[in-house]
Amino acid sequence: MVTVLRVTPILAEVQSAKQDFDALTRGGFEHFYSLEYDLAIRDFQQALDARPDSAKAMNHLLEARLFQQLHKYNALDTRLYAKQGFITSKQVPLDAATKKQLMDLADRCMQASEKNLKSNPKDVEAIYDRGVTEGMRATYLVIVEHSWFSALRQALAARHDHEEVLRLKPDYIDAKTVVGAHNFVVGSLSMPVKAMAGVAGIRGDKKKGLEMLAEAAKAGGETSSDARVALALFLRREDRLEDSLEVVRSLTRDHPRNFLFALEEDNLLKDLSRNSEASVRLRKLLSDCKQGKYQNAYLELAQFSLGENLRALGQLGDATEAYQTAANTAGGDNSYRQKAYLGWGEVADLQAKRQEALTQYRAAIALDASTDEADAARKYLDKPYKGK
């Protein structure tokens, strides 16, 4: 009886600590997928404080800090990755101190996983956690550093770890997100490149990749939202726009405060030539932003998209207004401001407002003379835009 009385409070304390950790983790992810990164970092840091040796908790904090930086420089807009242009896009200009902070935390994550694996090489959670860290290192290297070969090594390591997780525990569905994404990417390579990858033992299968991502998306685990983001992007690249729209709508239902998910739904409607519907939704999105529904929103992205939709509908005056607003957004993303200046100039040419068009083309070039948009603007300085 005495033993029971001694043990019961200890068990209650352990259970309470677990509930606190789980609640903080859930809260962190709710903020994370609402683009509320400061709040996500706060919750994940408190969860880590509760479990200082937890590689999983460290990974959550690393992910929030990394994606906070990527969002800051608008590197999470999926339109960047729906085509090959992202390969030559500019690096995310993180300062040295921020890079060091991220890499130091990644090293801590790896050390925590390796410590557990030393005592038990078949520790499924430790293998999974190590794979997550490797995957985030790959994301950092490819988007921030444009270090393709180093990123490939990290991505392969992440895939191998999560394949090992699935071998040891086939029902660990979260592991299918990384393995599925890697299968799709490798399976999408051109035949010569795919053959070279095969010689190196790197193989992929697009169909299998999509199936694994769909399974992880539906499982409702920790990577469900990540799997759906990847699945929607890959379906879009495959020109399966209706399927992609269905996936994105599941994300907007689950994460109604995420500006990028809402914008992606509107952009898919545009790609499906449902411009009237997209325009109505974009106006609602902008109105909701003004009312504070969305945190950390890039209004110039929505304004530019509205301009594109109105232009497709032949509403050139309203399109000009949307482009103008996007182009003149203070502190906005320069790549979309430049696109807006170009669109504004093209619409002015279509309306035979040549001097206005020339002014906007020059403004587009002044923002960054090295882009495709600047090349187009230079061409239209000499010869008016006539339409596509």
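Tallying residues that are buried (at least 16 other Cβ atoms within 10 Å of the Cβ) and either under 26 Å from Gln68 (Cβ atoms) or in contact (Cβ under 8 Å) with a residue 60 or more places away in the chain (or both) within the range 265-292 yields 9.
Of all the numbered requirements in (1) in a helix (DSSP H, G or I); (2) at pLDDT 95 or above, Arg257 misses one, and that requirement is (1). Looking at Gln111, is it at pLDDT below 95, among the polar types (S, T, N, Q) and farther than 20 Å from Asp333 by Cα? Taking the combined requirement at face value, the residue does not satisfy it. Among the conditions (1) modelled with pLDDT under 90; (2) touching a Phe, Trp or Tyr at 6+ places or on another chain (Cβ under 6 Å); (3) part of a helix (DSSP H, G or I), the only one that Val92 does not satisfy is (3).
Among the residues of the range 352-388, the ones that are among the polar types (S, T, N, Q), exposed (fewer than 14 other Cβ atoms within 10 Å of the Cβ) and at pLDDT 95 or above come to 1 in all. Scanning the range 95-152 for residues that are out of contact with any Lys or Arg (no Cβ under 6 Å at 6 or more places or on another chain), closer than 14 Å to Val165 by Cβ and in contact (Cβ under 8 Å) with a residue 24 or more places away in the chain yields a count of 12. Among Gln303, Gln338, Gln355, Gln324, which is the only one that is free of Cβ contacts under 8 Å to residues at least 12 places away in the same chain, outside any loop (DSSP other than H, G, I, E, B) and not acidic (Asp, Glu)? The conditions single out Gln355.
Is at least one residue of the range 147-160 of a type in the set (Gly, Ala, Ser) and under 13 Å from Asn59 (Cβ atoms)? Yes, that holds for at least one residue. Would you mind finding the one in Tyr294, Tyr361 that is farther than 26 Å from Leu76 by Cβ, in contact with a Leu (Cβ under 8 Å, 6 or more places away or on another chain) and of a type in the set (Ser, Thr, Tyr)? It is Tyr361.
Restricting attention to the range 134-162 and to residues that are surrounded by 17 or more Cβ atoms within 10 Å (Cβ to Cβ) and among the acidic types (Asp, Glu), the residue that is farthest from Thr98 (Cα to Cα) turns out to be Asp161.
Residues in the range 144-156 include none that are at pLDDT 95 or above and either farther than 19 Å from Phe184 by Cβ or acidic (Asp, Glu) (or both). Of all residues in the range 161-184, those being β-branched (Val, Ile, Thr) and over 14 Å from Val132 (Cβ atoms) number 1. A count restricted to the range 38-62 and to residues that are of a type in the set (Lys, Arg) and under 13 Å from Ala106 (Cα atoms) stands at 1.
Just to be sure, is Ala374 in a helix (DSSP H, G or I) and more than 23 Å from the chain's Cα centre (by Cα)? Write out each step before concluding.
Details: in a helix (DSSP H, G or I): yes; more than 23 Å from the chain's Cα centre (by Cα): yes.
Yes; evaluated as a whole, the condition is true for this residue.
Here Met191 meets the list (1) at pLDDT below 95; (2) crowded, with 16+ Cβ neighbours inside 10 Å almost entirely, failing just condition (2). Scanning the range 293-316 for residues that are within 25 Å of Leu272 (Cβ to Cβ) and either surrounded by fewer than 20 Cβ atoms within 10 Å (Cβ to Cβ) or of a type in the set (D, E, K, R) (or both) yields a count of 10.
The values are calculated or read from the model by the stated rules, or taken from the named source; none is laboratory data. Note that the coordinates shown come from a computational prediction; the quantities given were computed from them, not determined experimentally. With ideal geometry, Cβ positions are generated from the backbone for all residues, glycine too; neighbour counts draw on all protein chains shown.
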